[in-house]
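Taking it in order: structure first as structure tokens, then the write-up.
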């Protein structure tokens, strides 16, 4: 199992004129540190209007800078939004190809459709259009990356024969992923031969079923360009503290606050639209299941391993759960709200040196059926 770190570029108030400048460069320093202590990949979100929560509105720019400050870790869109008003599919193809070149072929392209009313309404996108728009775009990307001249005609796109330049360095194209938290998304990812980014906070025992279902269904994949990215990425919140007091007083509050913010930005459907669109109902239900106001919320979540928040020994136990589940990558969100840059860096270093490195030194589990593979 590999390890990734996810960045939202969380920038809490009070702001000053250099708040974003300082946080962007702090993130780059944290990512450089993560690479040096054993993390395999960095992922960057795309969010708009999400004050404090995420200031990463131009991930292609941020990741280009990250690529110049790292040498071994893979660079991932986690995710680029594919509804047309956010990003035209051809512009995504062009930007990703350029980023793949500038990262020396280290790019992974995670894709998604957006799950917040704040962003959908701001870009005037009908929630019912997001999934079919994504589905057209996910066919356009590999087609224009692998064919010298290509065209596409669908409900949302009518692209005449054109050549997209530059072409990506990786052949046939950078690995493609889809983000989601429900069974329908998992099945769609498997159908198109995409890696699955399971961005949901659940009892990790549930991940066993998700991984099993994904690995089973991707055997019947029908990828557009004949390239199957058979990888399951599991997401969790991460903090590694020296002792339980540091976990309880520093990491725990930051982890709970971040989980609460995720619920807030993803859970305003009735207020925005009067109802919850069917394809987004799962996310609304998930936010309601996670009671972060309960007195025992933190101990309860930590005891079942929903968060990799703890001492090195406790974090290693959570890693073992996802390893046994067969996840190909564990993706941690470690830039917790209201933690100082130095506290985040310390947590990253501890996790790398006392969790990842001992894990790597231990005997490996038998290889799961399917790292990146091609099909005819």
**Study point:** Filter result for residue 309 (in a strand (DSSP E or B), at pLDDT 90 or above and touching a strand residue (DSSP E or B) at 6+ places or on another chain (Cβ under 9 Å))
**Key:** yes
Check your understanding: Any idea which of 228, 250 is buried (at least 20 other Cβ atoms within 10 Å of the Cβ), more than 21 Å from residue 4 (Cα to Cα) and either in contact with a helix residue (DSSP H, G or I) (Cβ under 7 Å, 6 or more places away or on another chain) or at pLDDT 95 or above (or both)?
Key -> 250
Study note, to complete from the structure: Filtering the range 180-209 down to residues that are surrounded by 18 or more Cβ atoms within 10 Å (Cβ to Cβ), at pLDDT 90 or above and in a helix (DSSP H, G or I) yields 185, 186, 188, 189, 190
Check your understanding: So which residues in the range 151-169 are farther than 17 Å from residue 82 by Cβ, touching a strand residue (DSSP E or B) at 6+ places or on another chain (Cβ under 6 Å) and surrounded by 11 or more Cβ atoms within 10 Å (Cβ to Cβ), if there are any at all?
Key -> 151
Practice item. Take the range 119-130 and flag every residue that is under 19 Å from the mean Cα position of the chain (by Cα) and surrounded by fewer than 19 Cβ atoms within 10 Å (Cβ to Cβ). Key: none
Practice item. For residues that are more than 18 Å from residue 354 (Cβ to Cβ) and more than 15 Å from the chain's Cα centre (by Cα), tally how many sit in the range 32-52. Key: 6
Check your understanding: Across the range 329-342, which residue is nearest to residue 26 (Cα to Cα) among those that are in contact with a strand residue (DSSP E or B) (Cβ under 9 Å, 6 or more places away or on another chain) and not in a loop (DSSP other than H, G, I, E, B)?
Key -> 333
Practice item. Tally the residues that are surrounded by 13 or more Cβ atoms within 10 Å (Cβ to Cβ) and part of a loop (DSSP other than H, G, I, E, B), restricting the search to the range 3-14. Key: 5
Study note, to complete from the structure: Selection over the range 33-75 where residues are touching a strand residue (DSSP E or B) at 6+ places or on another chain (Cβ under 9 Å) and over 16 Å from residue 262 (Cα atoms) yields a count of 19
Point to revise | Every residue from the range 119-132 that is out of contact with any helix residue (DSSP H, G or I) (no Cβ under 9 Å at 6 or more places or on another chain) and under 25 Å from residue 191 (Cα atoms) | key: 129, 132
Review point. Mind checking which residues of the range 315-337 are surrounded by fewer than 20 Cβ atoms within 10 Å (Cβ to Cβ) and over 13 Å from residue 239 (Cα atoms)?
Key: 317, 320, 323, 324
Exercise for review: Could you look through the range 213-228, keep only residues that are in contact with a strand residue (DSSP E or B) (Cβ under 7 Å, 6 or more places away or on another chain) and part of a loop (DSSP other than H, G, I, E, B), and pick out the one that is nearest to residue 168 (Cα to Cα)?
Suggested key: 226
Exercise for review: Only residues in the range 223-242 that are on the phi > 0 side of the Ramachandran plot count as the first member; pair them with residues that are modelled with pLDDT under 95 and not in a strand (DSSP E or B), Cβ under 9 angstrom, at least 6 apart or cross-chain, and list the lot.
Suggested key: 226/375; 226/376
Practice item. Determine whether residue 301 is at pLDDT 95 or above and crowded, with 16+ Cβ neighbours inside 10 Å. Key: no
Review point. Is the range 71-80 home to any residue that is over 23 Å from residue 138 (Cβ atoms) and over 16 Å from the mean Cα position of the chain (by Cα)?
Key: yes
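The values are calculated or read from the model by the stated rules, or taken from the named source; none is laboratory data. The structure presented is a predicted model; accordingly, all values stated were derived computationally and were not measured. Counting neighbours? That spans all protein chains shown, and the Cβs are built from the backbone with ideal geometry, glycine included.
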